[in-house]
Amino acid sequence: MPSGRRRARDESDDDETQPTQRRPRYDSDDEGANSEANGDAQTADDQLAKKLVRHAISCEYSRTPIRRDGIKEKVLGTQGRSFKRIFALTQKQLRLVWGMELRELPVREKMTLHEKRKGMADLLLLIDVANHPAMASNAQPKTGSGSYILVSVLPTAYRTAAIVAPSRAPGIEDEATYVAFYTLIVSTIWLSGGELSDQKLKRFLERLNSDRNVSTEKTEMVLKKMERQGYVVRRVDRPPVGQDGESVVTWHVGTRAKEEIGLDGVQGMVREVYGDMTPELEKKMKASLRVKDRPRADAEEEQGDATQIADQSVAVDDEE
């Protein structure tokens with residue numbers, strides 16, 4: 001009998017200590033919290049990307065360069081270090097939904113002697129850094145302009161007036177006239193070797209009957225607006241101090257025109273003006289622009305990429 005009581009007491013003790021011997025369980029709350037945090041981060045990135053899209057469209061509406069510093073200040077705020085991630089997400093949304101992309105403007109050409117000397121000093125510094133990595137520091141000169149504009153990535157077949165129509169503000173006719181005018185002026189400068197004297201520009205405007213007014217605006221004001229928006233650059237070379245002489249004014253292609261219009265736009269303008277282009281005219285045009293025929297494979301690849309973007313955009317619309 002005592003042994004039976006002892007056995008029963010031992011069994012009851014084992015039952016009381018059993019809960020402390022159970023295998024530990026992994027808490028699923030941590031996994032849920034992590035997935036929820038990742039979802040919140042992704043949602044925050046999407047919102048920042050949409051905000052950057054709105055900022056880019058508003059800047060492009062007024063033809064204002066989209067500067068990297070402005071993006072960090074007005075869009076990212078305290079999330080400035082996430083620029084590359086948000087920028088890549090924005091590019092994806094712009095290409096698939098809007099048929100556009102942000103493209104960095106080229107660095108403005110060095111024209112004055114002071115600018116050329118500074119550019120040479122920056123180039124020598126970059127060479128030294130490349131040869132001696134230990135010299136790399138935050139003082140390294142920037143290689144890009146840090147400014148962007150919106151450009152279309154639609155295939156050529158979709159870049160028609162019916163699809164890409166002029167802006168309604170300030171007016172469709174005024175906007176179309178302005179686009180045609182600056183495209184013609186930029187094309188003329190480019191065909192003149194990238195530089196056009198002020199006297200030649202005035203003679204050209206007289207032939208167009210645009211030496212005084214362009215639509216309802218003064219020609220002088222339109223040229224200043226083109227210069228401010230980056231379509232043209234007006235360079236004034238003054239004589240050295242102490243020497244007599246007149247200032248020489250020349251006009252050059254601006255950074256915005258190089259990306260928005262480009263050599264393809266100039267060639268398209270020439271073909272529209274001349275109509276049926278003969279092989280001789282094509283040869284003269286390309287010689288003036290100093291361009292060579294692109295390989296057929298490259299042209300087909302570029303067209304294929306643009307068509308793929310258009311197909312992806314249609315797929316996104318169907319999913320929505």
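The values are calculated or read from the model by the stated rules, or taken from the named source; none is laboratory data. All values derive from a computational prediction rather than experimental measurement. As a convention, Cβ positions derive from the backbone with ideal geometry for all residues, glycine included, and neighbour counts pool all protein chains shown. Note: accessible area is taken over every heavy atom of the protein model, side chains too, but ligands, DNA and RNA are not part of it. Shrake-Rupley method; radii C 1.70, N 1.55, O 1.52, S 1.80 Å.
So for segment 56-67 (the condition being open to solvent by less than 50 Å² (accessible area, probe 1.4 Å), in contact with a Ser or Thr (Cβ under 8 Å, 6 or more places away or on another chain), touching a residue at least 40 places away in the same chain (Cβ under 8 Å) and farther than 19 Å from Gly144 by Cα), does at least one residue qualify? No. When Ser145 is tested against (1) in a helix (DSSP H, G or I); (2) more than 17 Å from Met100 (Cβ to Cβ), just one condition goes unmet, and that condition is (1). Candidates in segment 273-292 are the residues that are modelled with pLDDT of 90 or more and among the charged types (D, E, K, R); of these, the one that is farthest from Pro65 (Cα to Cα) is Glu280.
When segment 226-241 is examined, which residues are found to be without any contact (Cβ under 8 Å) to a residue 40 or more places away in the chain and under 26 Å from the mean Cα position of the chain (by Cα)?
Going through segment 226-241, the residues without any contact (Cβ under 8 Å) to a residue 40 or more places away in the chain turn out to be 227-228, 234, 236-241.
Glu227, Arg228, Arg234, listed by residue number.
So is Thr255 over 20 Å from Arg159 (Cα atoms), at pLDDT 90 or above, surrounded by 14 or more Cβ atoms within 10 Å (Cβ to Cβ) and out of contact with any Pro (no Cβ under 8 Å at 6 or more places or on another chain) or not? Spelling it out, it is not the case that Thr255 is over 20 Å from Arg159 (Cα atoms), at pLDDT 90 or above, surrounded by 14 or more Cβ atoms within 10 Å (Cβ to Cβ) and out of contact with any Pro (no Cβ under 8 Å at 6 or more places or on another chain).
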